[in-house]
1. Restricting attention to region 271-293, and to residues there that are β-branched (Val, Ile, Thr) and crowded, with 24+ Cβ neighbours inside 10 Å, which single residue is nearest to Gly321 (Cα to Cα)?
2. Just checking, does region 164-172 include any residue being farther than 26 Å from Ala236 by Cβ, buried (at least 22 other Cβ atoms within 10 Å of the Cβ) and not charged (D, E, K, R)?
3. So which residues in region 267-294 are in a loop (DSSP other than H, G, I, E, B) and either over 20 Å from Lys338 (Cβ atoms) or not assigned by TED's automatic domain parsing to the domain that holds Lys338 (or both), if there are any at all?
4. Being modelled with pLDDT of 95 or more and in contact with a strand residue (DSSP E or B) (Cβ under 7 Å, 6 or more places away or on another chain) is the filter; apply it to region 334-356 and report the residue that is farthest from Ala303 (Cα to Cα).
5. When you go through (1) within 23 Å of Val163 (Cβ to Cβ); (2) part of a loop (DSSP other than H, G, I, E, B); (3) among the charged types (D, E, K, R) one by one for Glu89, which number turns out not to apply?
6. I'd like to verify a number: residues in region 16-40 that are buried (at least 17 other Cβ atoms within 10 Å of the Cβ) and part of a helix (DSSP H, G or I), how many?
7. Of (1) more than 17 Å from Leu173 (Cα to Cα); (2) in contact with a His (Cβ under 9 Å, 6 or more places away or on another chain); (3) buried (at least 19 other Cβ atoms within 10 Å of the Cβ), Lys85 satisfies all except one. Which?
8. State which residue is surrounded by the most Cβ atoms within 10 Å (Cβ to Cβ) when the search covers only region 173-195 and only residues that are part of a helix (DSSP H, G or I) and touching a strand residue (DSSP E or B) at 6+ places or on another chain (Cβ under 9 Å).
Amino acid sequence: MPTPETEDLRTVRVELGSRSYDILIGDGLIDTAGKRIAAIAPGARTAIVADETVYALHGRRLAASLDAAGIGHVSITVPPGESSKCFAELERVTLALIDAHIERGDIVIALGGGVAGDLAGFAAAITRRGVRFVQIPTSLLAQVDSSIGGKTGIDTHHGKNLVGAFHQPSLVLADTGLLDTLPERQFRAGYAEVAKYGLLGDRNFFGWLEKNAAAMFAGDATARAKAIETSCLAKARIVAEDELENGVRALLNLGHTFGHAFEAATGYGDRLLHGEAISIGMALAFEYSVMHGDCASEDADRAIAHFANVGLPVSLSQIPGELPDGDGLLDLMTQDKKMQRGTMTLILAHAIGDAYVARNVDMPTLAAFLKRKRN
């Protein structure tokens, strides 16, 4: 089994003063998780929070690593899928942490994709008014996005991530080898978040992805590590500048106001994965930008073509089943966390690599746009 001592290990630092932490990227990191956790929290006990599928795949390796480092641990599993990001599972996980006598100086380990990270992180944030936690993301989406930056939370029927807290991890271990067990559809959905970093602020990276996406999907370890590192560097810079999303961090939501509405409309299940919703959302964001004369149609066509080329959906017609009408979709969009005093904020684009925050979006114009795209 490869380990970071013998294989390429990449480190990205998230600079947040006394709460700074490292993102480690490499193959085999789960097998050294115990000693790394012992180094940042000597004497701590741990609680592993994972969904049942991920725990069956990787839980034994993580437990063995903790045992080897002499770290006590308990395991808490939840059903797989976005539906576990709910009040009922949050209550169950939180009470399980208390029952296990997890204290403020201990560590909650989020093992899994974005659902496990969001749920475990939020439970850690509110248990005993704050327990430290470590992210071990097992999906591409989580390794490049949701495990970084301290956003934690659950969903409600009103929308996605509307209940939560900012709670930074103490360490992120992005084990690239774990991606080999990821279903192809999940990997493709996570790729949407990788491409997002090129679209919002790095035109050269987007060009690199156009040339290397096929290698990533084929399992090329070097291409995957470079894409993950570049994505993490981009997010770490933005988080360090704007931790609580009062400014530039909002750019990370390119396509998300649209996409979260589509997830709510489809019930947060396998019908539409998060990355698939965001792919459609980014396509609409570019089309809306073109409609307003802010973006050249050539750039929008190029961005949309790339998503289509890797097999991601780019239109509402590709979502299976019935959807709300344009007004219904707009109503779901108004639950977005960036709404301010009833006015809509969208992340739009001047060009590939040049996204911007558009405030006070005209609601009738947006409603008409959604109706056209819905029909």
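1. Kept after step one, since they are β-branched (Val, Ile, Thr), are these residues of region 271-293: 278, 280, 290.
Checking which are crowded, with 24+ Cβ neighbours inside 10 Å leaves us with 278, 280.
Values: Ile278: 18, Ile280: 16 Å.
The residue in question is Ile280.
2. As a first pass, look at region 164-172 and keep what is farther than 26 Å from Ala236 by Cβ: none.
No - not one qualifying residue is present in region 164-172.
3. Applying the first criterion (in a loop (DSSP other than H, G, I, E, B)) to region 267-294 yields 267-273, 292-294.
Result: Gly267, Gly269, Asp270, Arg271, Leu272, Leu273, Gly293.
4. Step one: list which residues in region 334-356 are modelled with pLDDT of 95 or more, which gives 346-356.
Now narrow it down to the ones that are in contact with a strand residue (DSSP E or B) (Cβ under 7 Å, 6 or more places away or on another chain): 346-350, 355-356.
On the way: Leu346: 18, Ile347: 15, Leu348: 13, Ala349: 11, His350: 12, Ala355: 13, Tyr356: 16 Å.
If we take residues in region 334-356 being modelled with pLDDT of 95 or more and in contact with a strand residue (DSSP E or B) (Cβ under 7 Å, 6 or more places away or on another chain), then Leu346 is farthest from Ala303 (Cα to Cα).
5. Condition not satisfied by Glu89: (2).
6. The number of residues fulfilling the criteria is 9.
7. It is condition (2) that Lys85 fails.
8. Leu178
The values are calculated or read from the model by the stated rules, or taken from the named source; none is laboratory data. All figures in this text were calculated on a predicted structure; none of them were measured in a lab. Cβ coordinates were reconstructed from backbone atoms using ideal geometry, including for glycine residues, and neighbour counts include every protein chain displayed.
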